[in-house]
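Remarks on the structure that follows.
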Amino acid sequence: MNTVALLIGLGPLFGWGLFPTIASKIGGKPNNQILGTTIGTLFLAILFALIRGLKIPTGSAFILSMLSGIGWDFGQILAFKSYQLIGSSRTMPITTALQLIVTSLWGVFALGNWPSINEKIVGIAALIVIIIGAIMTSWQEKRDQTSSANLSKATVLLVIGVFGYWFYSAGPQAANVDGVHAFLPQAIGMVLGAVIYNLFSIKKENVFKEKVSYMQIFAGFFFGFAALTYLVSAQPNMNGLATGFVLSQTSVIVATITGIFFLNQRKTGKELAVTVIGLILILISATVTAFL
């Protein structure tokens with residue numbers, strides 16, 4: 001692995017790692033956050049397409065890619081709601097684990113991954129460890145009735161939302177569009193989905209007129225940067241899909257740690273130790289599933 005490929009592969013470490021903390025720090029409601037984030041991502045997608053001279057997919061390829069962007073909206077809106085319930089430092093490991101599980105199972109049942117019995121055994125064992133790791137990151141030494149209820153609500157939201165994230169990846173695959181060419185149609189779908197979502201609540205609150213919505217564009221730059229560097233990293237002439245995927249998952253460490261220390265989502269010494277062990281288990285298991 002050359003130095004350039006490694007640096008690009010670590011783009012998501014900072015982009016996706018800092019994105020939830022920055023979005024939470026800027027503030028606003030999920031409606032504000034999803035609108036600003038998608039606009040920022042679209043700016044980067046347009047710039048990248050112009051620099052690379054990319055041809056936009058047409059027909060069903062464009063539609064599926066665009067719809068996959070709307071799928072991301074669905075997952076991310078529920079993630080934003082979870083940030084409000086339990087904080088980004090607890091949300092990110094859970095949603096990362098869920099995405100790893102759903103993506104792996106999709107690969108097995110739809111794409112023919114893990115064809116041998118041994119691979120299936122190792123893969124399923126790794127998924128179980130991922131679940132254990134996620135549970136560890138959300139563990140609280142002293143949990144009252146309110147925090148328990150919030151964790152339950154957030155977990156339900158994230159389980160539902162993971163199917164939106166799944167389609168974000170599966171849509172372009174179904175259309176046989178590589179990630180680089182799908183990036184702009186996905187970003188268009190993301191903005192379209194965010195606008196439609198906010199139009200339904202415009203009578204109660206008009207986020208299109210609120211300053212914080214456009215401040216969230218800054219957070220969108222971080223998400224877009226992470227998505228873009230991951231797509232480039234996953235190319236065969238760079239790190240490849242497996243290595244690129246594993247490198248991208250390191251973002252959960254930054255997201256969790258920055259959430260704890262910059263958003264005051266405090267943990268006790270024991271909680272922090274258990275969280276670190278849980279993160280290590282998730283990353284090791286992600287590596288195992290990526291290289292099967």
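Bear in mind that the values in this text are calculations on the coordinates, not laboratory data. These figures come from a predicted structure and were not determined experimentally. Don't worry about glycine lacking a Cβ; one is built from the backbone with ideal geometry, like all the others, and counts go over all protein chains shown.
A few comments on the model shown:
- Taking other Cβ atoms within 10 Å as a rough exposure proxy, 142, 153 sort from fewest to most as 142, 153.
- Remark: the stretch 3-290 carries a charge dipole of roughly 620 debye about the Cα centre, counting +1 on each Lys and Arg Cβ and -1 on each Asp and Glu Cβ.
- Residue (of 19, 138, 201) at the positive-pole extreme of the chain, dipole from beta-carbon charges: 201
- DSSP loop GluC sites (Glu not before Pro) with at most 15 other Cβ within 10 Å excluded, longest remaining stretch of the chain: 1-140
- Footprinting exposure proxy ranking of 166, 16, 72, 139, fewest other C-beta atoms within 10 angstrom first, gives 139, 166, 16, 72.
- Taking other C-beta atoms within 10 Å as the exposure proxy, 74, 218, 19 rank 218, 74, 19 from fewest upward.
- Straight-distance crosslink candidates among lysines, where the alpha carbon sits under 25 Å from residue 25 and sequence neighbours closer than 8 are dropped: 81, 153, 204, 209, 211, 267
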